[in-house]
Amino acid sequence: MLSVVLLGVIFAGVCAATLVRPLGLGGGWWAVGGAGIALATGLVPISSALTGVGNTWQVLLFFAGLVLLTVALAEAGAMEWLMDRAERWSGNSPRRLMVVSLLLTVGVTTLFSNDAAALLVAPIVARRVAGRGLSSVRFVVGIAVMANAASLVLPVSNPVNLLVLERDHIPLSSYLLQVTPAALLAVLLAGLALTWLLTRGLPKTSSPTEPSSPDRDLGKLVALGALLGVLLGADLWAGASGLSLGPPTLLGGAVAVIIGWTRGGMSPLRSVREGRWSLIPLVAGLAVLAAGLQSAGPLAALAHQLAGQGGFGAPVRVGLAAAGASAIANNLPAAFLGMAGLAAVGQLRRLGIPLIAGADLGANLAPTGSLSTLIILAPGAGAGSVRSRHFWAAGWFAGPLGLAAALSVVALAR
């Protein structure tokens, strides 16, 4: 029992360090350190650690490819190009700019993940809004909440989704039939709520900024767009065939960097340096710790109580528990805990999808709920003077509505 308590303390410490970043170190450093302590002290057997990392290595390949794709898109100015057209459509209306910013967030999140939306969309929208002489707080908060809401749409929309799907080999068809309709409903409800809340009080007119990328290499953008279309098709084919999304995504990321390099952009080494790689050691470290917790009696007992005997209540209970854990400790650790508990009682395949829905949408219940929100709220992130209190107001206005609707649809679909 003492070993379980100590391992739980290490896991909780890693979660806290991921949120507050002591010594300025990212969560990846603390996760690897915690896993190292657990291995050195025998709290996690090496065989269990290898199994835990082995269950996630394909997902780690996907993350690596996603990092390269994000860097290539940023270097090519894809978001700047899209924002030029968004501002052209919005004209002098800040309210229309809010709507198009939310739609752009949904698109980027759906295809590239909520972290990509935080890195690519939020800073650019904040700069464009500030250029109009407006406060960027409403826009950035809307992007943060909408990124979490849209992170449920496809398996690639959130790292949590792929982790759970790969862990117990849940078919892509199950996801598309059970989760995507619920996710689209959650996005619609969250979008309507945010539009009503965040456009109130906005001025009716403002002067749009000048296009920032008139000399952008359209050939490079077209090539990247074609690559992304092929990659999306390859990922969907791989998922439908029961194959991992990791290898095609990593290959696509490498090709995207090569496209940028051959057309006179940044070098491959610069792409590697500027990528946000901390997610990979964070996932690996948490996988090791979760592998040790899978044999913990209290966690298995809690999972057994939540899973119950089946019916409508079990998916709702698991989803709400995952949402609460996400709000407290971030949805990535919450997903690992949920996977460990449900796997221990043999219920992960049956209740993995409600776990995903709760972990994804529960992130809107607190500023610490997802890494994408932490990126946006981080000091110096370029997203303006956004504070946690701003997120609380919008997240609790739009979040529970989408969460309740999604969990209801997921439970009924089972």
Seminar exercise, completed: Cβ pairs under 8 Å, 6+ apart or interchain, first in segment 187-216 and of a type in the set (Lys, Arg), second modelled with pLDDT of 80 or more and surrounded by 12 or more Cβ atoms within 10 Å (Cβ to Cβ), ordered by first then second residue, are Lys204/Ser93; Lys204/Pro94; Lys204/Arg95; Arg216/Glu80; Arg216/Trp81
Problem set entry | Residues of segment 339-350 satisfying the condition of being touching a residue at least 40 places away in the same chain (Cβ under 8 Å) and assigned to a helix (DSSP H, G or I) | Met339, Ala340, Gly341, Ala343, Ala344, Leu348, Arg349, Arg350
Problem set entry | Filter pass, Trp81 being part of a helix (DSSP H, G or I), more than 30 Å from Trp196 (Cα to Cα), in contact with a Lys or Arg (Cβ under 9 Å, 6 or more places away or on another chain) and modelled with pLDDT of 80 or more | no
Problem set entry | Top-ranked residue in segment 61-78 [being buried (at least 24 other Cβ atoms within 10 Å of the Cβ) and more than 20 Å from Leu162 (Cβ to Cβ); ranked as nearest to the chain's Cα centre (by Cα)] | Ala72
Exercise. Does Leu134 meet the test of being part of a helix (DSSP H, G or I) and either at pLDDT 90 or above or touching a Leu at 6+ places or on another chain (Cβ under 8 Å) (or both)?
Worked result: no
Problem set entry | Residue tally, condition among the aromatic types (Phe, Trp, Tyr) and in contact (Cβ under 8 Å) with a residue 40 or more places away in the chain, over segment 75-111 | 1
Seminar exercise, completed: Of (1) among the aliphatic types (A, V, I, L, M); (2) at pLDDT 70 or above; (3) within 18 Å of Val160 (Cα to Cα), Leu236 fails just (2)
Problem set entry | Positions within segment 57-98 being over 25 Å from Ser278 (Cβ atoms) and of a type in the set (A, V, I, L, M, F, W, C), in sequence order | Trp81, Leu82, Met83, Ala86, Trp89, Leu97, Met98
For this session: Run Gly42 past the list (1) exposed (fewer than 14 other Cβ atoms within 10 Å of the Cβ); (2) part of a helix (DSSP H, G or I); (3) of a type outside the set (A, V, I, L, M, F, W, C) and report the number of the one that doesn't hold.
Result: (2)
Exercise. Within segment 141-168, restricting attention to residues that are at pLDDT below 90 and of a type in the set (Val, Ile, Thr), which residue is surrounded by the fewest Cβ atoms within 10 Å (Cβ to Cβ)?
Worked result: Val156
Exercise. Which of the residues spanning segment 351-375 are of a type outside the set (A, V, I, L, M) and part of a helix (DSSP H, G or I)?
Worked result: Gly352, Pro354, Gly358, Asp360, Gly362, Asn364, Ser372, Thr373
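The values are calculated or read from the model by the stated rules, or taken from the named source; none is laboratory data. Everything quoted here is computed from the prediction, not taken from an experiment. We place every Cβ from the backbone using ideal geometry, glycine too, and count neighbours over all the protein chains shown.
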